[in-house]
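Engineer: I'd like to ask some things about the structure below.
Taken together, the values in this text are just the output of simple stated rules run on the coordinates, not laboratory data. The structure presented is a predicted model; accordingly, all values stated were derived computationally and were not measured. Neighbour counts run over all protein chains shown; Cβ positions are idealised from the backbone, glycine included.
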Amino acid sequence: MNSVDLIIIVVVLITVFLGYRKSFIKSFSDWVGLSISLWITFHFFGSFTKLVEKIPGINSIVGMIDKSLLSKLSSLDKEMDFSIEAFKKMDFSKTLIYFFERSSMFSVKEKITFSELSIGLFTNMISIVLLFILSAFILRAISNSFEYVNKMAGFTSYEKLGSILFSFMKSLVYATLIAFIVYNISAFFNSGVFYDAYHSSVFAKMLYNNGLIEWMFGV
């Protein structure tokens, strides 16, 4: 057991504790909303990125990064290029390969430069965050309209038990995302702190292989 396992345990305990204080319907709707939001995000972030890239504020930030940082590394553009096929040969996980395939980075060209990869990673990650927040907000608004059901007869007997159950399931989603992030960072660099953290973790390896990530990505 290492620091990654401790983070996962803390996340699970806090999520279950907070869920215990909620109603059964609220805990259930939170779990469903989280799962659907992640599914929507991982399936459509590439298309959403094309819209995000047109936002004036994002364009300004991208331009600033390009001028202040990437322009100093322009020599790498001549030395390096990237493609989906090249990533497949690097022994990346199928979910990370799927991320690049779904992203906007290779929608126009089969090969991109270091600068294009860096900007693409930035805009696609911004899109993932924004799309998740947007879809979660909409689903939360919809679920709030059904909370009156919790007051109906027949929904109070095992309410706390149900709250704990769905809060635990929600915590597993969070924990799996942590495992996913740690694994793919370790796979990308293939050495270092994250590599050691993942491969010495008990829960991260178990959660990454539980099939939830494949479901969210649709692979």
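Engineer: Past 22 Å, Cα to Cα, is the threshold; run Lys88/Lys170; Lys26/Lys205; Lys54/Lys94; Lys54/Lys89; Lys170/Lys205; Lys160/Lys205 against it and keep the listed order. Could the numbers behind the result be given before it?
Structural biologist: Numbers: Lys88/Lys170 32 Å; Lys26/Lys205 30 Å; Lys54/Lys94 30 Å; Lys54/Lys89 33 Å; Lys170/Lys205 18 Å; Lys160/Lys205 30 Å.
Too far apart for the 22 Å limit: Lys88/Lys170; Lys26/Lys205; Lys54/Lys94; Lys54/Lys89; Lys160/Lys205.
Engineer: Something else about it: Which order do the peptides 20-33, 112-125, 131-144 take when ranked by the mean count of other beta-carbon atoms within 10 Å per residue, highest first?
Structural biologist: So the peptides 20-33, 112-125, 131-144, ranked by packing, come out 20-33, 112-125, 131-144.
Engineer: Mind listing the phi-derived Karplus ³J(HN,Hα) values for the stretch 39-51, rounded to whole Hz, using 6.51, -1.76 and 1.60 with θ = phi - 60°, and x for any glycine or proline?
Structural biologist: In residue order, the calculated couplings are 4, 4, 4, 6, 8, 10, 5, x, 5, 5, 4, 4, 6 Hz.
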